[in-house]
Amino acid sequence: MKIKPLQIIAHIILLLGVLLMVVPIWISFASSTHDSVTILTEGMKFNLGDQLSRNYNEVLNEKGGWSEEVTAGKMFINSFIMAFGIATLKVVISAMSAYALVYFRFKLAVPIFWLIFITLLVPLEVRIFPSYKVVSDLGLTNSYTGLVLPLVASATATFFFRQFYKTIPDELLESAKLDGASTWRFFIDFLVPLSKTMIAAMFIFMFVYGYSQYLWPLIMTTSEEYWTVVMGMKIIFTESYEGVAIPRTAERFAYIILSMIPPVLVVVFLQKWFIKGLIQTEK
Amino acid sequence: MSFLELKKVTKIYPNGTKAVQTTSLNIEKGEFMVFVGPSGCGKSTLLRMVAGLEDITTGDIELDKKIINKIDPSERDVAMVFQNYALYPHMNVYNNLAYGLKNRGLAKDVIEKKVNAAAKLLQISDYLERRPALLSGGQRQRVAMGRAIVRSPKIFLFDEPLSNLDAKLRIQMRLEIKKLQRKVGVTSIFVTHDQVEAMTLADRLAVINNGIIEQLGTPIEIYNNPTSVFVAGFIGSPQMNFIEGELKNNKFKTQAFEITGIKSDFDGKVILGVRPEHLVQANNGLIKFNVDLVEKLGSDNLVYGEIKDKKDLLCYRTPGNEKINSGSKLALNIQENKLYIFNKKTGKRII
């Protein structure tokens with residue numbers, strides 16, 4: 001096979017991109033295997049050290065926080081619950097609202113769609129005080145419901161589902177109707193399986209979105225029981241060793257590496273679906 | 001008492017378009033009815049009203065002695081084959097056929113029996129496990145038919161089901177549909193814009209134009225006795241020749257020729273219609289004709305040209321073994337009793 005110069009350039013650009021992504025992660029990982037003292041005196045490391053199991057063990061099991069009660073493990077569980085809840089509900093609600101917008105030809109469908117779309121301009125950070133007020137009035141502070149609920153509506157996902165449903169030919173609905181499919185059955189038996197790949201893609205996006213929420217859980221939770229991983233990054237291991245003022249840099253690197261694993265797993269796991277759906281073009 | 005009755009049915013869309021004007025029609029049990037007309041004439045709308053996919057503005061539709069106006073499509077017991085088949089892309093052929101039965105709550109073994117019987121009838125038993133995307137056009141067509149047959153409905157509705165197939169397959173499927181309908185004996189309505197399809201399939205034919213049934217009858221009746229210029233022009237291939245002229249004192253007159261002895265008292269502008277196959281050559285023929293172009297179909301020649309002294313186009317059909325060159329001059333006569341005269345203003349047949 002002949003290699004064209006353009007291909008070489010393209011590969012060089014791609015490789016540079018990969019390096020840009022991978023090197024910081026590698027440095028974090030390599031640094032997480034050293035002693036905090038080493039990092040403090042010698043700077044961040046490119047080579048692996050011998051403190052891997054000790055650092056990671058400590059991160060996972062040590063009780064931190066002000067009350068010395070919360071562990072990283074617990075925070076991972078919290079983050080997972082929050083991200084999973086947000087992603088699942090976002091996908092379900094968006095798919096259903098898009099179904100209503102596309103297939104139920106009520107008068108206000110278009111204005112309502114635009115109203116939903118406008119909410120893109122009002123992210124949680126902008127409406128954080130009213131949102132907090134509502135959630136606290138409902139008595140949902142310091143609860144998983146409170147962490148998830150204000151984030152479950154998604155204009156983006158609604159928009160994507162709407163566009164997808166619009167490409168499905170009307171005859172399919174009519175044929176299904178003649179075959180005795182009810183409104184609900186058409187959604188479950190047709191739209192859901194047909195939009196499998198869309199659902200997987202939206203789930204990935206929304207999971208990562210939910211997982212990386214910072215401000216909301218920070219404001220929402222006063223009890224350490226509900227701390228999430230991303231919050232923890234700021235808070236955990238900031239204290240020094242008793243007496244000696246050495247920052248626990250190595251443990252924090254280990255923590256960062258661990259915090260990256262769940263979203264990566266989700267992407268890797270759902271990617272199979274993603275590609276499967278893309279190859280099997282269904283007409 | 002007819003099996004399906006449309007009683008003064010109309011369809012007016014919210015924007016005021018009259019898609020179907022007051023239409024009444026009876027279809028007998030087991031009959032194969034074809035709706036034919038140009039696109040946008042309302043034939044599909046009429047079909048979809050029977051299916052329940054369009055509301056009826058006024059009038060009643062009665063199926064098997066029951067008014068079905070307000071009945072949900074799924075409970076009307078009708079099956080429809082769509083133009084693009086509308087197969088369920090995410091289900092294999094078996095489930096495509098079984099889906100409607102499952103929704104009706106039939107037992108699993110009953111469904112299996114019915115699906116297998118339908119598949120055997122349509123010779124798609126080998127593809128039951130495949131997805132529609134992996135089937136050829138003809139196979140998809142069969143699956144779409146199978147989906148209709150498997151439910152043993154009261155009526156089959158076909159909405160231009162053959163127009164997505166290539167020419168050869170279309171003719172083959174046309175024959176199969178006809179054979180199948182005879183075998184199963186289910187009342188059918190078939191919508192098409194192709195007059196050949198319409199002629200070959202129909203027990204009875206409804207020629208529709210602008211939301212009105214222009215003529216209703218067996219294909220041969222309509223071919224032999226079209227009641228209007230529209231029907232005469234639409235049915236028959238190649239199209240009937242039309243020559244404008246005047247009728248006065250039993251005499252049809254144009255610049256180019258005259259025909260006497262026409263049994264009509266009509267006085268005024270008319271259109272003379274004559275089919276290409278009803279013209280014959282004669283030494284001192286009536287119509288002098290300059291040949292422009294000859295289409296050789298093998299079995300037939302279609303000879304196109306202009307009438308002398310009159311810029312009207314004419315088509316003349318001769319057997320394929322006759323040699324006619326473009327540029328030659330012919331004299332043609334009209335076979336006895338094979339001319340039609342229509343009122344130019346109303347388009348209605350005079351004689």
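Laboratory data are not the source of any read-out in this text; all were calculated from the coordinates shown. All values reported here derive from a predicted model rather than from experimental measurement. Backbone-built Cβ (ideal geometry, glycine too); neighbour counts: all protein chains shown.
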Practice item. Compare the Cα positions of A:Pro150, A:Phe106, A:Ala201 along the charge dipole of region A:72-236 (+1 at Cβ of Lys, Arg; -1 at Cβ of Asp, Glu; about the Cα centre) and return the one farthest towards the positive end. Key: A:Phe106
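For A:Phe269, A:Phe205, B:Phe82, what's the fewest-to-most ordering of other Cβ within 10 Å of each Cβ? Working shown, then result.
Values: A:Phe269 12, A:Phe205 18, B:Phe82 22.
Fewest-to-most Cβ neighbours within 10 Å comes out as A:Phe269, A:Phe205, B:Phe82.
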Practice item. Might you report the magnitude of the Cβ-based charge dipole of region B:75-182 about its Cα centre, with Lys and Arg at +1 and Asp and Glu at -1, to the nearest 20 debye? Key: 240 debye
Point to revise | From phi via Karplus (6.51, -1.76, 1.60), per-residue ³J(HN,Hα) for region A:114-130 in Hz, x at Gly/Pro | key: 5, 4, 4, 5, 4, 4, 4, 7, 10, x, 3, 4, 6, 9, 5, 5, x
Exercise for review: Provide a whole-number value for the mean count of partner chain Cβ atoms within 10 Å of the Cβ atoms in peptide A:179-186.
Suggested key: 5
Study note, to complete from the structure: Assertion target for B:Ser39, B:Ser328, ordered by fewest C-beta neighbours within 10 angstrom first, is B:Ser39, B:Ser328
Study note, to complete from the structure: Ranking B:Leu169, B:Gln215, B:Thr200 by how far each Cα lies towards the positive end of the charge dipole of region B:162-238 (+1 on Lys and Arg Cβ, -1 on Asp and Glu Cβ), the top one is B:Leu169
Review point. Once you charge only the Cβ atoms, +1 for Lys and Arg and -1 for Asp and Glu, what is the size of the charge dipole of region A:72-236 about its Cα centre, to the nearest 20 debye?
Key: 200 debye
Check your understanding: If you find the alpha carbon centre of region B:149-174 and of region A:190-218, how far apart are they in angstrom?
Key -> 43 Å
Revision key, fill the gap. Distance in Å, no decimals, from the C-alpha centre of region B:226-273 to the one of region B:301-336 is 18 Å
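If you keep only loop residues by DSSP, which GluC sites (Glu not before Pro) in region B:1-58 have at most 16 other Cβ atoms within 10 Å of their Cβ?
On the way: sites: B:Glu5, B:Glu28, B:Glu31, B:Glu54; in loops: B:Glu28, B:Glu31, B:Glu54.
Within region B:1-58, the qualifying GluC sites (Glu not before Pro) (loop, at most 16 other Cβ atoms within 10 Å) are B:Glu28.
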Practice item. Compute the signed sum of charges (Lys and Arg +1, Asp and Glu -1) over the other residues within less than 13 Å, Cβ to Cβ, of A:Met231. Key: 0
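What does the structure give for A:166-175 when I average, per residue, the other chain Cβ atoms found within 10 Å of the residue Cβ?
Details: counts 0, 0, 1, 4, 3, 9, 6, 2, 9, 17.
Mean shielding by partner chains, rounded to a whole number: 5.
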**Study point:** Likely footprinting exposure, A:Ile204, B:Ile155, A:Ile168, fewest C-beta neighbours within 10 Å first
**Key:** A:Ile168, A:Ile204, B:Ile155
**Study point:** Dipole in debye (nearest 20) - region B:89-145, about Cα centre, beta carbon charges: Lys, Arg +1; Asp, Glu -1
**Key:** 140 debye
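DSSP loop (so not H, G, I, E, B), at most 11 other Cβ within 10 Å: list which GluC sites (Glu not before Pro) in region A:9-72 pass both filters. Intermediate results must be reported in sequence, preceding the final value.
Numbers: sites: A:Glu42, A:Glu58, A:Glu62, A:Glu68, A:Glu69; in loops: A:Glu62, A:Glu68, A:Glu69.
Loop-located and lightly packed - A:Glu68.
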**Study point:** Amide H contacts of A:Thr228 (H built 1.01 Å from N, under 5 Å, at least 5 apart or other chain)
**Key:** none
Check your understanding: Want the number for A:Gln7 to A:Thr145: 0.36 nm per residue separation, take away the alpha-carbon distance, what's left?
Key -> 44.6 nm
**Study point:** Unit charges at the beta carbon, dipole of chain A: most positive-side option, A:Met231, A:Val22, A:Leu115
**Key:** A:Leu115
Revision key, fill the gap. In this structure, the FRET efficiency calculated for B:Glu129 and B:Asn225 from their beta-carbon separation, with R0 = 45 Å, to the nearest 0.05, is 0.30
Exercise for review: Name the residues whose placed amide hydrogens come within less than 5 Å of the amide hydrogen of B:Asp300, ignoring near sequence neighbours (fewer than 5 apart) on the same chain.
Suggested key: B:Gly320
Exercise for review: Along Cα→Cβ, 7 Å out, is where each label goes; now give me the distance between the ones at A:Met260 and A:Lys133 in nm to one decimal.
Suggested key: 4.1 nm
**Study point:** Inter-chain Cβ neighbour average for residues B:84-97, partner chain, 10 Å
**Key:** 4
Practice item. Using a cut-off of 11 Å between beta-carbons, work out the net charge of the residues near B:Ile56 (Lys and Arg +1, Asp and Glu -1, B:Ile56 not included). Key: +2
Revision key, fill the gap. Interchain or sequence-distant (5+) residues whose placed amide H lies within less than 5 Å of the amide H of B:Gln281 are B:Asn333
Review point. Reachable aspartates and glutamates from B:Lys345, Cα under 17 Å, same-chain residues fewer than 8 places away excluded?
Key: B:Glu214, B:Glu244, B:Glu246, B:Asp265, B:Asp267
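Express the relative contact order of chain B as a whole percentage, based on alpha carbon pairs under 8 Å and six or more residues apart in sequence.
Numbers: 706 pairs, mean separation 52.9, N = 351.
Relative contact order of chain B: 15 percent.
Calculate for the protein assembly as shown the 222 nm mean residue ellipticity that helices alone would give, adding -39,500 (n - 2.57) per DSSP H run of length 4 or more and normalising by residue count, nearest 500 deg cm²/dmol.
Details: 22 runs with 272 residues, N = 634.
Result for the protein assembly as shown, helices only: -13500 deg cm²/dmol.
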Review point. How many angstrom lie between the C-alpha centres of region A:35-98 and region B:117-138?
Key: 53 Å
Exercise for review: Pop a pseudo-label 7 angstrom from the Cα along the beta-carbon direction at both B:Val196 and A:Val122 and give the gap in nm to one decimal.
Suggested key: 6.3 nm
**Study point:** Cα shape, region A:1-152, gyration tensor, a/c 1.5 rule
**Key:** oblate
